[in-house]
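The values are calculated or read from the model by the stated rules, or taken from the named source; none is laboratory data. Here the structure is a predicted model, which is why all the values come from computation and not from measurement. Here the Cβ is made from the backbone with ideal geometry for all residues, glycine too, and neighbour counts use every protein chain on show. We work out accessible area using only protein heavy atoms, side chains counted, and drop any ligands, DNA or RNA first. Shrake-Rupley method; radii C 1.70, N 1.55, O 1.52, S 1.80 Å.
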Amino acid sequence: MKFVHRFETRSAEETRTVGRRLAALLPKKGVVLLIGELGAGKTTLAKGIVEGRHAASADDVSSPTFTLIHEYGNPVSVYHADLYRLDTAEQVRRLGLEELFEKPALTLVEWGERFPDLFPDEHIEIHLRHTGEDRRDIEVFGFES
Ligand code: ADP
Ligand code: MG
């Protein structure tokens, strides 16, 4: 595991800005697990990343909690999945998530850490933590295979 970067933000807007900055640092293709409790800012950060990749404007990025996977860009350059509503690895497999890993795109996944066996060894994790009402600690880690 390789520690990459740490940010502290004081508003949702700052977290979006971090996302836009990360968009320039993240690889073109790969899996990014967004890890943190409900309200930690996973979707907010994803908006910034999608925006930074010029795949959509942040206003057009919504939480995939009910739709499970959203795709952005033409051709698609960012997938955004939310596995909150899924209970078993089998349900995730049926969703076709693994097919996305082959695509030349970034795949952002909320609640993916619940199904660790489904993700490639080589991936990035972004951990988000509440450190105050509007404060968040954001840490980026790279994992190599
Ligand atoms: P998650 O996807 O982790 O459940 P969301 O991004 O949907 O979280 O929601 C985060 C909530 O917290 C939003 O209502 C946002 O406005 C609020 N918030 C307050 N401060 C921050 C911050 N520093 N970063 C991100 N979100 C923040
Ligand atoms: Mg979310």
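Give me the pairs, please: first residue somewhere in segment 45-63 and under 23 Å from H130 (Cβ atoms) and open to solvent by 20 Å² or more (accessible area, probe 1.4 Å), second residue anywhere and part of a loop (DSSP other than H, G, I, E, B) and not polar (S, T, N, Q), beta-carbon distance under 6 Å, and either six or more positions apart or on two chains.
From segment 45-63, the pairs are K47/V61.
How many of the residues making up segment 64-83 are out of contact with any Phe, Trp or Tyr (no Cβ under 8 Å at 6 or more places or on another chain) and open to solvent by 50 Å² or more (accessible area, probe 1.4 Å)?
4
Is at least one residue of segment 3-20 within 11 Å of ligand 2 (Cβ to nearest atom), surrounded by 21 or more Cβ atoms within 10 Å (Cβ to Cβ) and either in contact (Cβ under 8 Å) with a residue 24 or more places away in the chain or farther than 14 Å from D137 by Cα (or both)?
no
For the structure I just gave you, tell me whether A46 is in a loop (DSSP other than H, G, I, E, B) and among the small types (G, A, S).
no
Against the conditions (1) farther than 22 Å from H123 by Cβ; (2) of a type outside the set (K, R); (3) assigned to a loop (DSSP other than H, G, I, E, B), where does D59 fall short? Just the number, please.
Among (1) farther than 22 Å from H123 by Cβ; (2) of a type outside the set (K, R); (3) assigned to a loop (DSSP other than H, G, I, E, B), the lone unmet condition for D59 is (3).
For segment 101-121, give me the residue count where each residue is over 27 Å from T9 (Cβ atoms) and part of a loop (DSSP other than H, G, I, E, B).
Going through segment 101-121 one residue at a time, the tally reaches 7.
Do the conditions hold for V92, that is, is it in a loop (DSSP other than H, G, I, E, B) and surrounded by 12 or more Cβ atoms within 10 Å (Cβ to Cβ)?
no
Which of the residues spanning segment 51-68 are in contact with a helix residue (DSSP H, G or I) (Cβ under 7 Å, 6 or more places away or on another chain) and of a type outside the set (K, R)?
E51, G52, A56, S57, A58, V61, S63, L68
Please work out if E98 is open to solvent by 30 Å² or more (accessible area, probe 1.4 Å), touching a residue at least 12 places away in the same chain (Cβ under 8 Å), outside any loop (DSSP other than H, G, I, E, B) and within 19 Å of E125 (Cα to Cα).
The answer is yes for E98.
Name the residues in segment 4-29 that are under 16 Å from G132 (Cα atoms) and assigned to a helix (DSSP H, G or I), would you?
Hits for segment 4-29 are A12, E13, E14, T15.
Suppose the filter is closer than 12 Å to E110 by Cα, surrounded by fewer than 20 Cβ atoms within 10 Å (Cβ to Cβ), out of contact with any helix residue (DSSP H, G or I) (no Cβ under 8 Å at 6 or more places or on another chain) and at pLDDT 95 or above; does G30 pass it?
Spelling it out, it is not the case that G30 is closer than 12 Å to E110 by Cα, surrounded by fewer than 20 Cβ atoms within 10 Å (Cβ to Cβ), out of contact with any helix residue (DSSP H, G or I) (no Cβ under 8 Å at 6 or more places or on another chain) and at pLDDT 95 or above.
Of all residues in segment 73-106, how many are more than 16 Å from ligand 1 (Cβ to nearest atom) and closer than 22 Å to E51 by Cβ?
Counting residues in segment 73-106 that are more than 16 Å from ligand 1 (Cβ to nearest atom) and closer than 22 Å to E51 by Cβ gives 10.
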